[in-house]
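Q: Quick one: this structure, given as structure tokens, is what I'll be asking you about.
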4 protein chains.
Amino acid sequence: MSHNSFGHLFRVTTWGESHGPAIGCIVDGCPPRIPLSEADIQPWLDRRRPGQSKFTTQRQEPDAVRILSGVFQGQTTGTPIALTIDNMDQRSKDYGEIAERFRPGHADLTYELKYGISDWRGGGRSSARETASRVAAGAVARLVLGAGVRIRGALVQIGARAIDRARWDWDQVDANQFFCPDPAAAASWEEYLGEVRKAGSSVGAVIEVVAEGVPPGLGAPIYGKLDADLAAAFMGINAVKGVEIGAGFAAAALSGEENADQMRMRDGEVVFGSNQAGGILGGISTGQPVVARFAVKPTSSILTPRQGVNRSGQEVDVSTRGRHDPCVGIRAVPVGEAMMACVLADHLLRQRAQNPDAPERARLPRN
Amino acid sequence: MSHNSFGHLFRVTTWGESHGPAIGCIVDGCPPRIPLSEADIQPWLDRRRPGQSKFTTQRQEPDAVRILSGVFQGQTTGTPIALTIDNMDQRSKDYGEIAERFRPGHADLTYELKYGISDWRGGGRSSARETASRVAAGAVARLVLGAGVRIRGALVQIGARAIDRARWDWDQVDANQFFCPDPAAAASWEEYLGEVRKAGSSVGAVIEVVAEGVPPGLGAPIYGKLDADLAAAFMGINAVKGVEIGAGFAAAALSGEENADQMRMRDGEVVFGSNQAGGILGGISTGQPVVARFAVKPTSSILTPRQGVNRSGQEVDVSTRGRHDPCVGIRAVPVGEAMMACVLADHLLRQRAQNPDAPERARLPRN
Amino acid sequence: MSHNSFGHLFRVTTWGESHGPAIGCIVDGCPPRIPLSEADIQPWLDRRRPGQSKFTTQRQEPDAVRILSGVFQGQTTGTPIALTIDNMDQRSKDYGEIAERFRPGHADLTYELKYGISDWRGGGRSSARETASRVAAGAVARLVLGAGVRIRGALVQIGARAIDRARWDWDQVDANQFFCPDPAAAASWEEYLGEVRKAGSSVGAVIEVVAEGVPPGLGAPIYGKLDADLAAAFMGINAVKGVEIGAGFAAAALSGEENADQMRMRDGEVVFGSNQAGGILGGISTGQPVVARFAVKPTSSILTPRQGVNRSGQEVDVSTRGRHDPCVGIRAVPVGEAMMACVLADHLLRQRAQNPDAPERARLPRN
Amino acid sequence: MSHNSFGHLFRVTTWGESHGPAIGCIVDGCPPRIPLSEADIQPWLDRRRPGQSKFTTQRQEPDAVRILSGVFQGQTTGTPIALTIDNMDQRSKDYGEIAERFRPGHADLTYELKYGISDWRGGGRSSARETASRVAAGAVARLVLGAGVRIRGALVQIGARAIDRARWDWDQVDANQFFCPDPAAAASWEEYLGEVRKAGSSVGAVIEVVAEGVPPGLGAPIYGKLDADLAAAFMGINAVKGVEIGAGFAAAALSGEENADQMRMRDGEVVFGSNQAGGILGGISTGQPVVARFAVKPTSSILTPRQGVNRSGQEVDVSTRGRHDPCVGIRAVPVGEAMMACVLADHLLRQRAQNPDAPERARLPRN
């Protein structure tokens, strides 16, 4: 049991604070002989990198990853892969005031209550900066899963403004600064979020992550169900307040007839008429796309003063100055993809251990 | 890593199938010298017990728990507590047909894809019957938490019909067969669900679980966050498709100003003006009530025929005969409470290990 | 992390006290579709069963195992296998005095120091009776390993009397009541141990366990080395004070030349000229037999009075009356075999997860 | 489950290869507000550092540790502590030949069998260099344990030459280059080992580690026993082939009367007349010194040619050139101390979680 580790067989342990010299992670359990270099990881980090639009934090970080172990002559060796990312743009002075104040909506107070000390510079350990390590680990996880598994995320709601799913176009996701699959929504958000930003306010968002090509049979009932592990993975991302799989909360309002994903046979394989289940039944993947969504609360750092308290137990007003990020949910898209990749890679290895012949059963029912 | 274990220091391992001779669990890590007898566990099992209303399965089970180890002279000894519940009403004949058919919405197919074998009698391991073990373990967890922590659950939505939160009355929860805190909603549901049942259909539900008196500081960032562990706990309950904490998915549509739970000082303690956070910031409890909700899909076993396939790869129609449960979400209320209790007990022990002096910091900021 | 669990992917959780109603274990992670019934487990329990000779405890226990879950139509299903063994011959009255006295060499005092309570009846949780669960789990582990892996144990020393290894004959092990591979030593021990027993004294023993047919490549460096896991497994058996692999402590006195197991090629496979390594290099199996030994201290329950203290802090003399077991090491042989089987089964699954193609590399170096 | 992690609540994850850019570890679960800087760690690393005598490897490494996270304003914060040590003197050219050859006694072959690839430079991951990370983690563990727990190690045997325990003087340990507590033995070893070195040969050693001041009650029966965890910790150190606690293997030859550590009361505390148990009964610490020994095999790298095979499956002779270390056991002394510290720190936290009031029971039996 390690507080800062994630996964069991494909296991990621992260370390580092927002304003320390570096952050990083160790990826343990990676199978050997997978070609790996920094070039396989950097593009994913670049997607998450701050400072790329006016809607994300202006902190300038190259987020250049280095591999310090576990790779030899261009291939993984099966030993732990140490990845580090130096912190370059720390500007601690911007954050000096939070040394004394507990900001509403932030973890300042709870870290103090728990530990009696915290590295308050830039949020320290609770900073979203930690998610860079997740993205780096997720890049390795994608290689473990192989090209047959495709994991993509998209922003499907900002504030109360949801996309029109009828306009979903994956190709649009990288064509706007919101990872938005609906170009009309993206255009609308630009204006809307611009106003939010100017008002010094913030809004939340909903992210959807879809994994196609997931082999059937992944998931370890009863307490290592694929959906349970995904729920922990997404809920553990900074600022996330809700997670759902497939129909999710809307499933409550469905009838049993509507909810049942009916099955037919096609060329010896089971095909489904719908995917209310989000690709998971009984905690085990069905072979359909795994579909998950998570909700991110509005950025707590806003320009409007809010009531807080300080370390001396005095009531104070707190507002953010300097950098301001009107919707932290945007950069959560690559983080959500990474967590999906890590969960699936872990379950792929777990499946191999107990059920090495499961791939042979993918074409089922056997004729 | 154990597929059938839950928790780290307060750790529950369950076993058993719906139609085997018994089900049960081992509770490991329980502190010693806690008074414990079957009478402390049985009332919670009785709440979950089937056959108590026309809206839950008619299977008749006394669900009488026995303690086989870990208790001596009426107190826990710190060694593993083995709890068993005999299966009495198995009626395997009712389920004979599912030996051959994969039912839409059920785990029949995925167990087969994963294991190549499954105990199909009554759903086997994937039956909701397994949750009785969770409820038994949760009863022990409540004792670990002590009387200062109060955990209560309620049904807040059936189908599309949500309660009116303005009418919330905890005393009503045990006064109707739905665990519903709104008496008007309960009355409406009775009629509505009666129609659903007669139609041979089913609907989903949303359950809310609230824990009051949770000490601040519980939760282990970054990957053992209290909310992340709760998300896994609830998502791992049969038929759950969504989990949210505090404002949950609605947080996406809030502004930063609305979402910030402002803080004031009262008698040397921090008090909050709202609880959008659901009692958790940065994965760590704040001392406010921990509030979580989860969505349960409609019962997959319905009388209307749905398209499925059989083990021979033939397309078949599947419908349920005999027992029929129009809303499995009802009995999920005590299960949700139990999972909340198990998560909190585990984190209480984890907190003690690393931060034994945290309770002294609960009154904070120190004056 | 569970105090009462062993293994990671093939994971055994035991429960029960010496004089409670039953003891048992849950075997989690077992692969599916392995034929399993009580008849596969009982013979191993019968080997360990007490009351079979005048040199082991006279407690009469049938040790009849029951499978309560995880097996369907004669095959494992991949879900947890619950095994129970009822306690029949408890005679708590024999042990009444130890309710008050801390016996030298026993865990009475330390359980009290740790937990402030203990089920003192027959040693409670610290009784050797718990090892029956290990033997039952080990029987399942043998089936996971398959017929190609042969695990056998033998008693190689009682008191100061070691066997003559030149006379080692595996067929003799079941031909005497000591699991002794040297018939001359067995004869000598019978007389010697008879005298020890008459004198109300006891002696220790050394057990050797050998696993043949272990695939090369098992073991997870750096902290899940095969030898490290074996060391924990054997040291965790009651009364064990030392563990060694291959040459063991004698390796300290060897020269580098003597210690090196030289390699030659035969029919495309590496063969070794010796096995000082005990089949493990760098924590990973070589394909040679895995050879381990462990030392068991003399039974602490002896008829000679020894100085102890009681719960009231008074100095008292303690001696055992009634049942008396002059050498607990004898019955440790089947327990040692079981622990070897559990460790190897766990590592076999771990190997599959990360290195599914390792078996193809067993013939190495590739020509 | 992580192959490269050790411990549960005080958890160490190491990474790095002998000839990569650096090695390091993450220490997770460390309690907050412990003063910590590099100066607390460096002295322990300096004790283990190579190149300090003619009897240890001549590799020149400053082994300068850096703390990259988890410490703020001179104190631990409860978040993961990342420690790194750069590799400076790698001289890969010295090792080029082993790229092709499997050296007897080394892990070259088994890494290849397991992974199908290995970083062969300097032994890669299986190099003793990894133990520097253990020593660094152990330095943190000592701070968790506090000044009341004193952990010291000593070399008690080189080759067949054991010390005279009657001459044991802890002050001598740092007065010679062998960590030897017997000055006469140290003098004899100097001559003896000089000859071994000149002959291009090597010998093994036995190390003893003693922890004084260990609180009673540490250890988690049944499968997390303190002695079982120590056994794994020591057996997992490179080249170790045997571990024993207290009387160890000699216990086999003791009578029950000799082995029983008799108890008397002194000033309200239990005192023991001997310590055959090595401070552990039933897997739980008694409050006596915890005494463990482990045996290290002779260095496998010797100048004498030995029969090996190469990657092409050809029979070759293998001998070491260049650096040569006649007794790797010497530098295992600080490593053994570090592992003892890590195990005890982990168990201290585990004890706090389940039995926070155990320290109040240390004076027992209560009067």
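We did not get these values from a lab; they are worked out from the coordinates using the rules stated. The structure presented is a predicted model; accordingly, all values stated were derived computationally and were not measured. FYI the Cβ positions are ideal-geometry reconstructions off the backbone, even for glycines, and counts take in every protein chain you see.
Q: Connecting C-alpha atoms closer than 10 Å in a GNM of chain C, tell me which of C:ALA137, C:ALA231, C:ALA199 has the biggest fluctuation.
A: Taking springs between Cα atoms under 10 Å, the residue moving most is C:ALA199.
Q: Report the closest approach of any chain B C-beta to the axis of the B-to-C rotation: residue and distance, in whole angstrom.
A: Residue nearest the B-to-C axis, with distance in whole Å: B:THR13, 3.
Q: Between B:SER127 and residues 5 or more places away or on another chain, which pairs have amide H atoms under 5 Å apart, with H built 1.01 Å from N, and which residues are they?
A: Under 5 Å from the amide H of B:SER127 lie the amide H atoms of B:SER18, each far enough along the sequence or on another chain.
Q: Taking the number of other C-beta atoms within 10 Å as the exposure measure, put A:LEU45, D:LEU281 in order starting with the fewest.
A: A:LEU45, D:LEU281
Q: While we're here: Got a sec to turn the phi values of region D:274-289 into Karplus ³J(HN,Hα) couplings, 6.51 cos²θ - 1.76 cosθ + 1.60 with θ = phi - 60°, whole Hz, x for Gly and Pro?
A: Coupling constants for region D:274-289: 7, 9, 4, 6, x, x, 9, 10, x, x, 10, 5, 9, x, 6, x Hz.
Q: May I pose another question? Which whole-angstrom value gives the distance between the alpha carbon centres of region C:291-367 and region C:203-277?
A: 16 Å
Q: What does the structure give for A:205-211 when I average, per residue, the other chain Cβ atoms found within 10 Å of the residue Cβ? Numbers along the way, then the final one.
A: Details: counts 3, 4, 1, 0, 0, 0, 0.
Mean partner-chain Cβ count within 10 Å for A:205-211: 1.
Q: Still on this model: If the cut-off is 13 Å between C-alpha atoms, which aspartates and glutamates fall inside it for D:LYS198, apart from same-chain ones fewer than 8 positions away?
A: Qualifying aspartates and glutamates at Cα under 13 Å: D:GLU190, D:ASP325.
Q: Averaged over D:188-201, how many beta carbons belonging to a partner chain fall within 10 Å of each residue's beta carbon? Please report the intermediate quantities before stating the final value.
A: Values: counts 0, 0, 0, 0, 0, 0, 0, 0, 2, 0, 0, 3, 2, 4.
Per-residue shielding by partner chains comes out at 1.
Q: Another question, then. What does the convex hull of the alpha-carbon atoms of region A:8-99 project to on average, in nm²? Working shown, then result.
A: On the way: hull surface 28.8 nm².
Over every viewing direction, the Cα hull of region A:8-99 projects on average to 7.2 nm².
Q: Indicate the gyration tensor shape class of region C:182-305 (rounded, prolate or oblate), computed on the Cα atoms with a ≥ b ≥ c the square roots of the eigenvalues: a/c under 1.5 is rounded; otherwise a/b larger than b/c is prolate and the rest oblate.
A: Cα axes put region C:182-305 in the prolate bin.
Q: I need the phi-derived Karplus couplings for region B:78-89: 6.51 cos²θ - 1.76 cosθ + 1.60, θ = phi - 60°, integer Hz, Gly and Pro marked x.
A: Result, rounded to whole Hz: x, 9, x, 9, 9, 10, 10, 9, 6, 8, 10, 10.
Q: Follow-up. Mind jotting down the three principal axis lengths of the protein assembly as shown based on Cα atoms? Whole angstrom, largest first.
A: So the extents along the principal axes, rounded to whole Å, are 84, 70, 65.
Q: Which lysines, on any chain, are close to B:LYS225 with Cα under 24 Å apart, when same-chain ones fewer than 8 places away are left out?
A: By straight Cα distance, B:LYS225 reaches A:LYS114, A:LYS225, A:LYS241, A:LYS297, B:LYS241.
Q: Still on this model: Near the amide H of D:VAL316, under 5 Å away, which other amide H atoms are found, from residues 5 or more places off or on another chain, if H is placed in the peptide plane?
A: Under 5 Å from the amide H of D:VAL316: D:GLY308, D:VAL309, D:ASN310.
Q: Taking the 0 to 90 degree range and rounding to the nearest ten, how far is the long axis of helix A:131-145 tilted relative to the main principal axis of chain A, both from C-alpha atoms?
A: Relative to chain A, helix A:131-145 is tipped by roughly 10 degrees.
Q: Testing the spin-label approximation: label points 7 Å from Cα along Cα→Cβ at C:SER188 and A:ARG33. State their distance in nm.
A: 5.1 nm
Q: What three numbers, in Å, describe the spread of the alpha carbons of chain A along their principal axes, ordered from the longest?
A: 72, 50, 37
Q: For D:GLY313, which inter-copy label distances result when the label point lies 7 Å beyond Cα on the Cα-to-Cβ vector, reported in nm to one decimal and in ascending order?
A: Between copies, matching label points for D:GLY313 lie 3.9, 7.5, 7.8 nm apart.
Q: Please give the average number of partner chain Cβ atoms lying within 10 Å of the Cβ of each residue in D:158-164, rounded to a whole number. Show your work: numbers first, answer last.
A: Values: counts 2, 4, 4, 2, 2, 0, 0.
Shielding by partners across D:158-164 averages 2.
Q: Pick from A:LYS297, A:LYS114, A:LYS54 the residue whose mean-square fluctuation is largest in a GNM of chain A, springs joining Cα atoms under 10 Å.
A: Most flexible of the set in this elastic network: A:LYS114.
Q: I've got another one for you. Using alpha-carbon pairs under 8 Å, 6+ residues apart, how would you state the relative contact order of region B:38-140 in percent? Write out the running numbers ahead of the final one.
A: Values: 108 pairs, mean separation 28.5, N = 103.
The value is 28 percent.
Q: I've got another one for you. Given the DSSP H assignment, sum -39500 (n - 2.57) over each helix run of at least 4 residues in chain D and divide by its residue total; what's the result at 222 nm in deg cm²/dmol, nearest 500?
A: Details: 7 runs with 87 residues, N = 367.
Mean residue ellipticity at 222 nm (helix-derived): -7500 deg cm²/dmol.
Q: For each of D:LEU303, D:LEU349, count neighbouring Cβ atoms within 10 Å of the residue's Cβ, then give the residues from fewest to most. Walk me through the numbers before you get to the answer.
A: Values: D:LEU303 16, D:LEU349 24.
Placing the least packed residue first, the sequence is D:LEU303, D:LEU349.
Q: Classify region B:113-246 as rounded, prolate or oblate, taking a ≥ b ≥ c as the square roots of the eigenvalues of its Cα gyration tensor: rounded when a/c is under 1.5, otherwise prolate if a/b is larger than b/c and oblate if not. Walk me through the numbers before you get to the answer.
A: Numbers: a/c = 1.87, a/b = 1.07, b/c = 1.74.
Since a/c reaches 1.5 but b/c is at least a/b, the shape of region B:113-246 is classed as oblate.
Q: Let me ask something additional. Taking the 0 to 90 degree range and rounding to the nearest ten, how far is the long axis of helix B:332-354 tilted relative to the main principal axis of chain B, both from C-alpha atoms?
A: 40 degrees
Q: Name the residue, out of A:PRO62, A:PRO21, A:PRO334, whose mean-square fluctuation peaks in a Gaussian network model built on chain A with Cα pairs under 10 Å.
A: A:PRO21
Q: 7 Å along Cα→Cβ for the label point: how many nanometres lie between A:GLU191 and each equivalent label in the other copies, listed shortest first?
A: 4.5, 9.7, 10.6
Q: Report, to the nearest 10°, how far helix A:38-48 tilts away from the longest principal axis of the Cα atoms in chain A, using its own Cα long axis and a range of 0 to 90°.
A: So the helix axis and the longest Cα principal axis differ by about 60 degrees.
Q: With a cut-off of 8 Å between alpha carbons and a minimum separation of six or more residues, what is the relative contact order of chain C in percent?
A: Details: 769 pairs, mean separation 78.4, N = 367.
Relative contact order, chain C: 21 percent.
Q: Kindly write out, for region A:107-118 in residue order, the coupling ³J(HN,Hα) from the Karplus curve 6.51 cos²θ - 1.76 cosθ + 1.60 (θ = phi - 60°), rounded to whole Hz, with x marking Gly and Pro.
A: Going residue by residue, I get 8, 3, 5, 6, 4, 5, 5, 6, 9, x, 6, 7 Hz, with x marking Gly and Pro.
Q: Please report Rg (one decimal) and Dmax (integer) in Å for the Cα set of region D:32-158.
A: Rg and Dmax of region D:32-158, Cα atoms, are 17.6, 50 Å.
Q: Taking each label point as 7 Å beyond Cα in the direction of the beta carbon, state the distances from C:ARG264 to the same residue in the other copies, shortest first, in nm.
A: List, nearest first: 6.3, 6.8, 9.0 nm.
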